[in-house]
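Below is one structure, written out as structure tokens; comments come after it.
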Amino acid sequence: QGDAFDLTSEVLGRFAPYDVVLSDMAPKTSGIKMRDQAASFELFARALAVARTFGKPETSSFVVKIFMGPEFNEAVALTKNAFSKSRVIRPEGTRQNSKEVFLVGQGLRPVALDGTRLERADLDATIAGGVPVPAPTSDEG
């Protein structure tokens, strides 16, 4: 177990390239819907950065949990940008009022639709579409 925001590229890249990047990460919920959805998007962005940086080009897959919120359409677009196939899955057992879904990407593009190339760059630099990886948020203060 570790902190997705503290792991180094060296640790993540140890067994790369990966056939699948699977993220079931969820934020510690606060009960404030917008805050929880934003935190979920941050985790999505981190997982996508790992998938783009360490996934096997052409064949790698990506599965990530995300809470639907204002950034959801952006998350879908970023996934479509990075993978040749993408879809949204809502498992049958999910509660009716839950905003939790999974984004699935298949066929990691060596060059994303926006022209960005896959590189083993510093994960804290840039992810798909030039979106900076969000810094962790603090529950304090």
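Side notes on the structure shown:
- Of all residues in the range 52-87, those satisfying the criterion of being acidic (Asp, Glu) and either surrounded by fewer than 17 Cβ atoms within 10 Å (Cβ to Cβ) or part of a strand (DSSP E or B) (or both) are Glu58, Glu74.
- Extreme residue, farthest from Thr59 (Cα to Cα), among residues of the range 13-41 that are in a helix (DSSP H, G or I), open to solvent by 80 Å² or more (accessible area, probe 1.4 Å) and not charged (D, E, K, R): Met34
- Taken over the range 88-141, the residue count meeting the criterion of being under 20 Å from Leu22 (Cβ atoms), open to solvent by 90 Å² or more (accessible area, probe 1.4 Å) and modelled with pLDDT under 85 is 1.
- Tabulated pairs, the range 69-94, first under 17 Å from Asp114 (Cβ atoms) and free of Cβ contacts under 8 Å to residues at least 24 places away in the same chain, second among the hydroxyl-bearing types (Ser, Thr, Tyr) and part of a helix (DSSP H, G or I), C-beta under 7 angstrom, 6+ apart or interchain: Ser86/Thr79
The values are calculated or read from the model by the stated rules, or taken from the named source; none is laboratory data. For clarity, every value in this text was computed on a predicted model and none was experimentally measured. Using ideal geometry, Cβ is built from the backbone for each residue, glycine included, and neighbour counts are taken over all protein chains shown. Please note that ligands, DNA and RNA were not included when accessible areas were found on the heavy atoms of the full protein model with its side chains. Shrake-Rupley method; radii C 1.70, N 1.55, O 1.52, S 1.80 Å.
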